[in-house]
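The values are calculated or read from the model by the stated rules, or taken from the named source; none is laboratory data. All of these numbers come straight from a predicted model, not from anything done at the bench. Here the Cβ positions follow ideal geometry from the backbone for every residue, glycine too, while neighbour counts run over all protein chains shown. SASA here: full protein model, heavy atoms, side chains in, ligands and nucleic acids out. Shrake-Rupley method; radii C 1.70, N 1.55, O 1.52, S 1.80 Å.
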Amino acid sequence: MDVGVTGGRMADYLREHHDKVLDRWTELVVAGIRGRTSAQEVKGELGDLYSLIVRVLAEADDHAVGELRASLYELSRTRARGGYTPSETALSVFTLKDAVYELVADTADLVPEYLTFSRMIDDLGLRTFEAYSEAREQIIADQATAMMELSTPVVRLWDGIIAVPLVGTLDSARTQLVMEKLLDTLVATGADHAVIDITGVPTVDTEVAQHLLKTVSAARLLGADCIISGIRPQVAQTIVSLGIEFGDIATKASLADALGLALRQAGLKVVPVVTGPVVTGPVVMGGA
């Protein structure tokens, strides 16, 4: 960030008019963000930036440029996480030019210094926008990961029986997450039966089938038997037309059917409990 030989004079000018420029800069920024942050908070943020900009212009020390960039990066991250738009974020830098120009407009001998200062602010504004974009991309990635984790729960259906109800598209990244959560739960609970329910998966193609087979194979390595449920008529037709083979993997039309099969595989059965003439409800009993 080369400010040239005229930076020192502009730095002196900004120091001399510190309060006036900072107050006007704060007014412009507050107006641009439409009151989303109080004037006092904005002035505190801009005051730190102002001091760093003066230090850079004056070439006072070797650390000023790095500190200014770090401060702008943190401001951009804060704005991005606060839901501000790119324009509102960029205004936090670019409006400083307006605040200074209002003072130097009638001072012809400061034109060269102002031009140097203006180019510097343009460069800082671009860096601010880049930092904002980077922060937004990270936020979106974090939100996508969180949503994927929330849409991939592993639930305990019965002692020794767990289920993974899948909703939405099943791609490579999500398959890896499903596999990790399923295997971790199998180890943590000691379950030996797992139901993978695909009722909420809109389409099952060759790629989705391969992902399911990989997950089942990984679970089997831990000694767990897997059942795939949610095979709707349309899904069954698609699987047949694509020539997809699930081999010896058990499949069921509904989660209830899959649970019943898992209970039978575990040597359990569901029978009604009768008290007198009234049927009070089912109970799971051991035995064939």
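Restricting to the stretch 105-121, count the residues that are open to solvent by less than 60 Å² (accessible area, probe 1.4 Å) and either under 18 Å from A64 (Cβ atoms) or in contact (Cβ under 8 Å) with a residue 40 or more places away in the chain (or both). Steps first, answer last, please.
So in the stretch 105-121, the residues open to solvent by less than 60 Å² (accessible area, probe 1.4 Å) come out as 105, 107, 110, 113-114, 116-118, 120-121.
Next, only the ones that are either under 18 Å from A64 (Cβ atoms) or in contact (Cβ under 8 Å) with a residue 40 or more places away in the chain (or both) stay: 110, 113-114, 116-117, 120-121.
Summing the residues that are open to solvent by less than 60 Å² (accessible area, probe 1.4 Å) and either under 18 Å from A64 (Cβ atoms) or in contact (Cβ under 8 Å) with a residue 40 or more places away in the chain (or both) in the stretch 105-121 gives 7.
Find the residue count for the stretch 1-60, including only residues that are of a type in the set (D, E, K, R) and under 36 Å from the mean Cα position of the chain (by Cα). Give the steps one after another, and end with the answer.
Filtering the stretch 1-60 down to residues of a type in the set (D, E, K, R) leaves 2, 9, 12, 15-16, 19-20, 23-24, 27, 34, 36, 41, 43, 45, 48, 55, 59.
Adding the requirement that they be under 36 Å from the mean Cα position of the chain (by Cα) leaves 27, 34, 36, 41, 43, 45, 48.
Residues in the stretch 1-60 being of a type in the set (D, E, K, R) and under 36 Å from the mean Cα position of the chain (by Cα): 7 in total.
Which pairs do you get when a residue that is acidic (D, E), found in the stretch 250-265, comes within reach of a residue that is open to solvent by 70 Å² or more (accessible area, probe 1.4 Å), reach meaning Cβ atoms under 6 angstrom, with the pair 6+ apart or on two chains?
As it stands, the answer is none, since no pair meets every condition given.
Restricting to the stretch 206-243, name every residue that is assigned to a loop (DSSP other than H, G, I, E, B), crowded, with 18+ Cβ neighbours inside 10 Å and modelled with pLDDT of 90 or more.
Let us first name the residues in the stretch 206-243 that are assigned to a loop (DSSP other than H, G, I, E, B), namely 222-224, 230-232, 243.
Add one more test, that the residue is crowded, with 18+ Cβ neighbours inside 10 Å, and what stays is 224, 230-231.
Those that are assigned to a loop (DSSP other than H, G, I, E, B), crowded, with 18+ Cβ neighbours inside 10 Å and modelled with pLDDT of 90 or more: A224, G230.
Spot the failing condition for L157; the list is (1) out of contact with any strand residue (DSSP E or B) (no Cβ under 6 Å at 6 or more places or on another chain); (2) open to solvent by less than 60 Å² (accessible area, probe 1.4 Å); (3) within 29 Å of G267 (Cα to Cα), and only one is missed.
(1)
Criterion first (of a type in the set (D, E, K, R) and surrounded by fewer than 17 Cβ atoms within 10 Å (Cβ to Cβ)) does D184 satisfy it? First the steps, then the outcome.
Numbers: of a type in the set (D, E, K, R): yes; surrounded by fewer than 17 Cβ atoms within 10 Å (Cβ to Cβ): yes.
It is true that D184 is of a type in the set (D, E, K, R) and surrounded by fewer than 17 Cβ atoms within 10 Å (Cβ to Cβ).
Being surrounded by fewer than 19 Cβ atoms within 10 Å (Cβ to Cβ), touching a residue at least 40 places away in the same chain (Cβ under 8 Å) and farther than 14 Å from M10 by Cβ narrows it down to one residue among R79, R36; which is it?
Numbers: R79 fails: surrounded by fewer than 19 Cβ atoms within 10 Å (Cβ to Cβ).
The unique qualifying residue is R36.
Going by the conditions given, is L177 in a strand (DSSP E or B) and surrounded by 14 or more Cβ atoms within 10 Å (Cβ to Cβ)? Let's see the steps before the verdict.
Values: in a strand (DSSP E or B): no; surrounded by 14 or more Cβ atoms within 10 Å (Cβ to Cβ): yes.
No; evaluated as a whole, the condition is false for this residue.
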